[in-house]
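The values are calculated or read from the model by the stated rules, or taken from the named source; none is laboratory data. Quick caveat, the model's predicted, so the values are computed rather than measured. All Cβ positions, glycine included, derive from the backbone under ideal geometry; neighbour counts span all protein chains shown. Heavy atoms of the whole protein, side chains included, go into the accessibility calculation; ligands, DNA and RNA do not. Shrake-Rupley method; radii C 1.70, N 1.55, O 1.52, S 1.80 Å.
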Amino acid sequence: MKNSGESASRPVILFCGKGGVGKTTLSAITIQLLCGRGDRRILAVDADPAMGLALTLGITPECSLDDVLSDEDSLRGGRDEVSASLDYEISRCIKESGNVSFIALGRPEAQGCFCAVNHLLKKAIEKLSLAFDAVVIDAEAGVEQINRRVFDAVSHLFVVTDPTKKGVMVADTILSLSRRTIRSDYCALILNRLKAGDGISLDTAAGFDSWCRIPEDSGIRFFDLHGGEPLLLTRTSAAARLVSYLGDLKLI
Ligand SMILES: Nc1ncnc2c1ncn2[C@@H]1O[C@H](COP(=O)(O)OP(=O)(O)OP(=O)(O)O)[C@@H](O)[C@H]1O
Ligand SMILES: [Mg+2]
């Protein structure tokens, strides 16, 4: 196994991949697992306008980065530039919950604003990361944020896929795009929702530093149907698999 990225001063873990493959679920489990070591302060970043991570973690931020830009708009009459005095505004978006600090991109409503809010997200991650022991980012589905260099440097790029051909194709595209758009120490393929007999070949993970196989899990489905404390997610067999993988990478 390649150097597991542990040389980086603090883990910055980015979950990305095709839509619906499990990025948010696995981000939420990882955040809970990192919290399990009570001495660490975690920055959780919901970079997906759909704000699924907020929902899964049961956190309701009072304001998102997009709200900050909208407020700036009303002051300046435009959002082409992100003002240099946004430190306070960024801190206003942080919602504390135990040893997790949560920040969300939000749902851009104004047309043409997506670049500006993603630029602000990039600045916020750069600024805030230094104050935390670990950062977990749940990216928007697909390649857009990777392509647009929203995430400049991460220690661990976790490309999530389900066993489908499309999912694996998107994972490969992200891997090759990321080589020129993200400085990452370690890039792993997370094969999620595997069922017995799925017959995934080792070639699927060609080019990645390692891969992790996570089973289809009825506990996650139960959580989906009935909701509940996010801690419940860590008691699933999917989480058990992630525990051992993140342990191998010395992340927990
Ligand atoms: N290992 C698993 N076993 C069973 N169900 C799973 C597993 N992982 C994820 N799911 C379910 O798959 C669905 C999609 O998961 P999730 O929302 O985490 O994906 P996503 O990649 O974040 O999606 P999106 O691109 O829409 O943000 C959810 O209903 C989730 O509960
Ligand atoms: Mg999601």
Relative to the compact globular guide of 2.2 N^0.38 Å, what is the alpha carbon radius of gyration of the range 105-198, as a ratio? 1.20
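Any chance you could tell me what percent of the C-alpha pair distances in the range 154-252 go past 24 Å? Walk me through the numbers before you get to the answer.
Values: 1352 of 4851 pairs.
Summing the P(r) tail past 24 Å for the range 154-252 gives 28 percent.
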Would you tally the net charge around Ala28, using a Cβ to Cβ cut-off of less than 14 Å, leaving Ala28 out, and scoring K and R as +1, D and E as -1? -4
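Taking only protein heavy atoms and a 1.4 Å probe, what accessible area per residue, in Å², does the chain have with all protein chains in place?
Numbers: 11660 Å² over 252 residues.
On a per-residue basis, 46 Å².
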Could you name the lysines whose alpha carbon sits less than 21 Å from that of Lys166, not counting residues in the same chain fewer than 8 places away? Lys18, Lys23, Lys195
With an 8 Å Cα cut-off and a minimum separation of 6 or more residues, compute the relative contact order for the chain in percent. 28
For the chain, what is the mean residue ellipticity at 222 nm derived from helices alone (per DSSP H run of n ≥ 4: -39500 (n - 2.57); sum divided by total residues; nearest 500 deg cm²/dmol)? -11500 deg cm²/dmol
Once you put a point 7 Å from the Cα of Asn99 and another 7 Å from the Cα of Glu144, both along the Cβ direction, what distance in nm separates them? 3.5
Please report the Cα spread of the chain along all three principal axes, rounded to whole Å, starting with the longest. 58, 37, 35
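Within the accessible area of the chain, what % is carbon and sulfur when the probe is 1.4 Å and the other protein chains stay in place? Provide the component values of the computation, followed by the final result.
Working: 5840 of 11660 Å².
Using a 1.4 Å probe with all protein chains present, the chain comes out at 50 percent carbon and sulfur.
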How many angstrom lie between the Cα centre of the range 4-63 and the Cα centre of the range 127-157? 10
Tell me, in nm to one decimal, what length is gained between Ser176 and Glu126 on full extension, where the rule is 0.36 nm per residue of separation less the Cα-Cα distance? 15.7 nm
DSSP loop (so not H, G, I, E, B), at most 16 other Cβ within 10 Å: list which trypsin sites (Lys or Arg not before Pro) in the range 171-206 pass both filters. Lys195
